[in-house]
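Below you'll find the structure, written out as structure tokens, and then a few comments.
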Amino acid sequence: MKSYSITHRLIITVLLVELLSAISLSGVAMLYERHVRFRSFDIMLRGRADSLLGAVQDAEDTQDNVMLDGTEKNLPTEDIYQVQDASGRVLGHSPNWIGPDPGLLTVKTGRFLRLSVNGAHYRALRIEGLRIVDPGDKGGGIPRRVSIFYGAPVDRVWKDIWKAVGFYAITSLSLLAVSGMLIFWLLNRGLAPLRELAAEAAGVSVDSWNFVPPQRARMIRELAPLTGALETVLTGLEHSFVQQRRFVGDAAHELKTAVAVVKSSLQLLTLRQRTALEYERGIERCQMDCERMEDAVAKMLTLARVETNIELPLSRFATDLSETLGQVSQQFESMAELKHLRILVSTPGPVMVNVEPEQLQLLCSNLLLNALQHSPAGSAIRAVVRQVGSAAELDIEDDGDGIAPQDLPHVFDRFYRGDPSRSRNTGGTGLGLAICKAIVSRWQGTIEIASGLGIGTRVMVRFPASGDRLQLPLR
Ligand code: ATP
Ligand code: MG
């Protein structure tokens with residue numbers, strides 16, 4: 001699709017509307033002017049025909065005829081006329097009379113008609129009138145019926161009409177030009193906040209996420225949704241970008257450390273001649289370090305997968321939380337036995353949640369594993385599933401060493417390990433709870449942790465009822 005300018009489109013639209021108005025106005029003006037000017041022209045025409053009637057005099061001849069008194073006529077020379085008496089005798093006509101045309105003289109009385117005389121346009125009318133001659137006689141004079149055909153050129157009238165229309169048209173076009181420029185200026189001014197907003201948005205980059213909508217853009221109601229959307233999107237993007245960047249940095253650091261450990265173990269091993277047993281132990285240590293590295297990479301991939309899936313089309317899952325917890329706790333049974341721990345599972349029967357089965361399993365096992373790793377021998381871990389209204393809850397509680405208050409706000413951060421010395425024992429990468437958080441968020445649940453040093457730890461997960469959700473929001 002071709003790019004276009006809103007300003008130009010608006011200006012063209014407004015100018016077109018104005019041009020149409022100007023044309024309509026000129027048309028209406030033309031009709032009005034024609035009506036008014038021809039009305040007065042007709043009155044003038046009638047007046048001149050009447051004055052011609054006044055020039056009909058007694059001829060004072062033996063046949064008692066009438067005649068047209070040439071001295072009493074004071075008419076424009078370009079006008080045409082002819083006067084006839086009742087018997088059809090021509091009493092007189094203008095010097096430029098077009099000649100005997102019976103058609104003209106049979107025109108109905110009082111009717112106007114158009115005709116062309118020597119290439120000029122005329123408007124004419126025919127009237128019949130009574131002329132009283134010899135008014136001094138007894139009885140008030142003799143009435144004589146006279147028929148007058150009178151015409152005058154209309155070119156002048158049309159000239160005046162077109163002059164008036166021209167005036168209206170030029171005035172409208174001038175207004176059009178002025179208003180066009182005014183609209184252009186106003187639109188340019190009106191769109192300035194949009195340009196400022198675009199410039200501000202263009203300044204956003206991966207190194208500078210600072211986006212402050214210009215004050216003028218904030219004040220415009222139409223721009224508010226765009227400004228709001230930009231702010232929300234950029235804040236989300238910044239958050240996600242910073243998170244990803246940190247993750248990559250942390251992951252690189254973790255892997256570098258792990259590789260450095262393997263490398264130093266190997267260096268130590270090759271420093272001098274070793275016994276077969278020393279080599280064996282050294283290789284075993286390297287193997288363990290590699291396994292730990294493999295575990296860390298697997299967890300990173302899991303985390304990336306959980307977070308990537310968030311934007312995939314959603315397929316609905318209905319997984320039994322009670323059953324999943326039961327299966328996972330069984331898997332940990334031998335480990336618990338080895339550590340002299342008990343896992344007490346309490347479930348009220350099937351509790352369905354909209355979570356992918358593998359992810360629900362991973363959630364349960366990460367939480368149970370943490371509890372197992374941090375619980376003292378002989379203690380019990382309580383894992384409870386509850387149905388609260390339409391929501392499902394999972395509580396995993398231990399009587400372990402707990403988490404220090406300064407660590408508690410960070411335990412869901414990636415690669416965060418509360419106590420590095422202990423983590424080394426457990427072989428933790430600090431990704432377990434971050435994965436739990438990602439899974440829970442992905443399925444619109446919540447996860448909270450309560451802990452105190454020496455008291456133990458309780459992790460509470462809550463999922464909305466199965467079937468409540470049709471769509472998951474983007475982060
Ligand atoms: P990973 O789970 O990746 O193997 P991890 O267990 O160290 O490693 P998380 O599960 O994310 O990582 O836990 C983060 C930190 O929170 C742990 O290092 C630990 O200090 C603390 N923590 C988590 N659960 C418990 C718990 N039940 N009791 C005491 N501390 C805990
Ligand atoms: Mg863990």
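A few notes on this one:
Residues are listed down the side, and each one gets a yes or a no for (1) of a type in the set (Ser, Thr, Tyr); (2) farther than 24 Å from GLU307 by Cβ:
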residue: LEU191; (1), (2): no, yes
residue: SER205; (1), (2): yes, no
residue: SER208; (1), (2): yes, yes
residue: GLN215; (1), (2): no, yes
residue: LEU237; (1), (2): no, no
residue: VAL248; (1), (2): no, no
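- Selected residue [over 30 Å from SER172 (Cα atoms), modelled with pLDDT of 90 or more and not in a loop (DSSP other than H, G, I, E, B)] from GLY47, GLY27, GLY92: GLY47
- Residue under evaluation GLN387, criteria (1) modelled with pLDDT of 95 or more; (2) in a strand (DSSP E or B); (3) of a type outside the set (D, E, K, R); (4) more than 21 Å from LEU453 (Cβ to Cβ), criterion not met: (1)
- Options SER379, SER421: the member that is out of contact with any Ser or Thr (no Cβ under 9 Å at 6 or more places or on another chain), of a type outside the set (Asp, Glu) and at pLDDT 90 or above: SER379
- Scanning region 350-385 for residues that are more than 12 Å from ligand 2 (Cβ to nearest atom) and within 46 Å of the chain's Cα centre (by Cα) returns VAL351, MET352, VAL353, ASN354, VAL355, GLU356, PRO357, GLU358, GLN359, LEU360, GLN361, CYS364.
- Hey, VAL328 surrounded by 15 or more Cβ atoms within 10 Å (Cβ to Cβ), part of a loop (DSSP other than H, G, I, E, B) and at negative phi or not: no
- Screening VAL297, VAL306, VAL355 for residues that are aliphatic (A, V, I, L, M) and assigned by TED's automatic domain parsing to the domain that holds GLY452 leaves exactly one candidate, VAL355.
The values are calculated or read from the model by the stated rules, or taken from the named source; none is laboratory data. Nothing here was measured: the structure is a model prediction, and the numbers come from that model. Heads up, the Cβs are rebuilt from the backbone with ideal geometry, glycines too, and the neighbour counts pull from every protein chain shown.
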